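To start, the structure itself, in structure tokens.
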Amino acid sequence: MRQRHERWCGGPGRQRGGPPRLPWASRRAGGGLPWVSTLAVTVFVQLASGFAAGEQTSREPLDLFARLLLFAGSALLLVRHRYPVSVAFGTSAATLVWLGAGYPYGPVFVPAAMGCFAAVVAGHRRAAWSALGTLWAGHVLISHWLYRWLPPGGDEAAPWGQELVVAAWAAAIVAASELVRVRREQWARERVERQAAEKRRADEERLRIARELHDVLAHSISVINVQAGVGLALLDSDPEQARSALTTIKAASKEALGEVRQVLDTLRTPGDAPRSPAPGLDRLPELVEQAAGAGLRVEAESEGVRSALPPGTDLAAFRIVQEALTNVVRHSGSRTARVRIGYAPGRLALRVDDDGPATGGDAGGSGNGLAGMRERAAALGGTIEAGPRPDGGFRVEATLPLPAARNSRTSHAPPTPQDPPAPQGSQQPPVPHEPHESQASPKPQQRENQ
């Protein structure tokens with residue numbers, strides 16, 4: 001019973017029986033009352049009805065009751081957004097009383113039209129049609145049967161052609177209100193879709209920045225942590241080696257600060273081009289050098305014909321290799337890692353191996369390393385496989401897709417002097433092993449927590 005009452009009265013507590021409340025309808029229902037439009041309609045109806053009475057001398061003249069009836073019908077429009085169904089029936093009833101009292105035709109139909117219009121736009125189509133149908137049926141009854149007993153005296157039956165005009169007027173109101181309702185529903189859906197798209201883009205950008213900061217800080221701070229331990233251990237016994245460790249800490253921290261500043265500048269001024277290019281695989285020698293500073297020897301090799309990579313793929317490949325080497329420094333007992341980069345038509349293959357064994361203590365990791373690598377690969381349509389090898393150690397293997405047209409165009413192009421191709425199975429000379437490996441060993445942590 002309560003649901004039925006709320007459905008017909010247009011109250012805010014509709015449940016199953018009422019139409020779904022749209023966002024714009026909720027804002028109107030909770031906002032201010034339409035004072036300006038209601039006042040304008042009230043003034044117009046009062047003045048125009050006076051002119052209509054002067055033209056229709058055969059109808060009843062306007063008296064106090066007529067003025068109050070016009071005011072009541074117009075005043076109902078003040079709550080048409082909060083109670084659209086009640087206003088639709090109320091304005092239709094006021095119009096029927098006006099016609100039954102024999103007052104002149106004219107702008108008295110305007111409040112009824114606006115009330116039914118508001119009901120349809122708010123989603124109460126059935127109620128609005130019922131109010132309009134009741135008004136039309138009442139007009140037919142008064143004009144063709146009850147006019148004998150109703151004022152003005154001596155009135156005759158209205159021509160049936162007039163009912164066609166009234167029906168067309170009602171149909172026009174319904175059509176216009178349905179058009180407005182459909183357009184507003186489309187605007188509301190588009191607004192919701194835009195908001196969802198903006199939220200999705202913001203979430204993707206937030207995740208991208210989080211991955212970037214994690215990769216930059218995790219690698220640099222791992223190097224700093226290892227070198228700080230070396231410097232503390234050798235500060236008294238080998239000052240030169242301690243000085244070298246401090247130099248590595250300074251270089252790693254300077255690079256990390258530069259990349260973090262670049263990310264923060266992007267946040268402060270969105271849309272501006274970065275001041276420095278994003279890192280790529282051309283900076284792999286820097287990674288090898290930094291890993292060597294942490295006591296890790298890296299053997300890097302490439303296969304296939306080198307080709308220019310898209311910026312996003314180049315950055316993702318660099319970060320994946322960087323994070324994989326950071327995990328070796330943190331969580332592996334091995335002091336040697338092997339990086340292989342394979343260029344093939346349509347894909348780029350990355351593989352980072354170490355011989356282990358995995359250490360089991362806390363190395364200060366955030367636990368997001370492998371998840372970040374998978375997110376980077378998935379964003380490009382690639383895959384990541386990471387886990388223990390059958391013969392011991394740990395392997396990270398990534399496959400990133402490349403644009404077919406670019407790959408096919410560059411893979412058959414002759415190498416330029418500035419960018420000579422790496423021969424099949426070529427291998428860079430290994431970095432000399434750093435002394436004092438025991439002091440440079442990081443604190444252990446289980447690899448599965450990355």
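Can you tell me which condition A252 does not meet? The list is (1) part of a helix (DSSP H, G or I); (2) of a type outside the set (S, T, Y); (3) at pLDDT 85 or above, and all the others hold. With respect to (1) part of a helix (DSSP H, G or I); (2) of a type outside the set (S, T, Y); (3) at pLDDT 85 or above, A252 is out only on (3). Is it the case that L76 is buried (at least 17 other Cβ atoms within 10 Å of the Cβ), among the hydrophobic types (A, V, I, L, M, F, W, C) and at pLDDT 95 or above? Judged against the criteria, L76 is a match. Looking across A317, A344, A324, one residue alone is farther than 16 Å from V226 by Cβ, of a type in the set (A, V, I, L, M) and modelled with pLDDT under 90. It is A324. Whether any residue in segment 211-229 is in contact with a Phe, Trp or Tyr (Cβ under 6 Å, 6 or more places away or on another chain) and surrounded by 14 or more Cβ atoms within 10 Å (Cβ to Cβ) is what I want to check. No.
Residue check: S130 meets all listed conditions (1) farther than 27 Å from A188 by Cα; (2) surrounded by fewer than 20 Cβ atoms within 10 Å (Cβ to Cβ); (3) out of contact with any His (no Cβ under 7 Å at 6 or more places or on another chain) but one, namely (1). Cβ-Cβ contacts under 8 Å between residues 6 or more apart (or on different chains), taken from a first residue in segment 132-156 that is within 30 Å of A175 (Cα to Cα) to a second residue that is hydrophobic (A, V, I, L, M, F, W, C) and in a loop (DSSP other than H, G, I, E, B), are listed as I142/L150; S143/A157; S143/A158; H144/A157; H144/A158. The number of residues in segment 281-304 that are part of a loop (DSSP other than H, G, I, E, B) and surrounded by 19 or more Cβ atoms within 10 Å (Cβ to Cβ) comes to 3.
Restricting the search to segment 380-405, which residues are small (G, A, S), surrounded by 13 or more Cβ atoms within 10 Å (Cβ to Cβ) and in a strand (DSSP E or B)? Residues satisfying the conditions are A386, A398. With respect to A233, determine if the residue is open to solvent by 40 Å² or more (accessible area, probe 1.4 Å), part of a helix (DSSP H, G or I), under 21 Å from F318 (Cβ atoms) and modelled with pLDDT of 75 or more. Criteria not met by A233.
Selection of segment 158-201 for residues being in a loop (DSSP other than H, G, I, E, B) and open to solvent by less than 50 Å² (accessible area, probe 1.4 Å) yields only A158.
Among the residues of segment 113-163, those identified as more than 54 Å from the chain's Cα centre (by Cα) and among the charged types (D, E, K, R) are R148, D155, E156. Looking only at segment 104-117, residues that are touching a residue at least 40 places away in the same chain (Cβ under 8 Å) and part of a helix (DSSP H, G or I) come to 7 in all. If you go through segment 382-401 and keep only what is modelled with pLDDT of 90 or more and farther than 20 Å from T326 by Cα, you end up with G382, L400, P401. State which residue is modelled with the lowest pLDDT when the search covers only segment 187-207 and only residues that are more than 8 Å from the chain's Cα centre (by Cα) and hydrophobic (A, V, I, L, M, F, W, C). Ranking the candidates gives L207 first.
Yes or no, residue by residue, for (1) open to solvent by 20 Å² or more (accessible area, probe 1.4 Å); (2) in contact with a Ser or Thr (Cβ under 6 Å, 6 or more places away or on another chain); (3) in a helix (DSSP H, G or I):
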site: D314; (1), (2), (3): yes, no, yes
site: R319; (1), (2), (3): no, no, yes
site: E323; (1), (2), (3): no, no, yes
site: T326; (1), (2), (3): no, yes, yes
site: R330; (1), (2), (3): yes, yes, yes
site: S334; (1), (2), (3): no, no, no
site: V339; (1), (2), (3): no, no, no
site: G342; (1), (2), (3): no, no, no
site: A349; (1), (2), (3): yes, yes, no
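Conditions (1) out of contact with any Cys (no Cβ under 8 Å at 6 or more places or on another chain); (2) over 14 Å from Y105 (Cα atoms), marked per residue:
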site: R126; (1), (2): yes, yes
site: A131; (1), (2): no, yes
site: T134; (1), (2): yes, yes
site: L146; (1), (2): yes, yes
site: P152; (1), (2): yes, no
site: A172; (1), (2): yes, yes
site: A176; (1), (2): yes, yes
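The values are calculated or read from the model by the stated rules, or taken from the named source; none is laboratory data. The shown structure was predicted, so the numbers you read here are calculated from the model rather than taken from an experiment. FYI the Cβ positions are ideal-geometry reconstructions off the backbone, even for glycines, and counts take in every protein chain you see. For the accessible areas, the whole protein counts, side chains as well, though only heavy atoms, and no ligand, DNA or RNA atoms are used. Shrake-Rupley method; radii C 1.70, N 1.55, O 1.52, S 1.80 Å.
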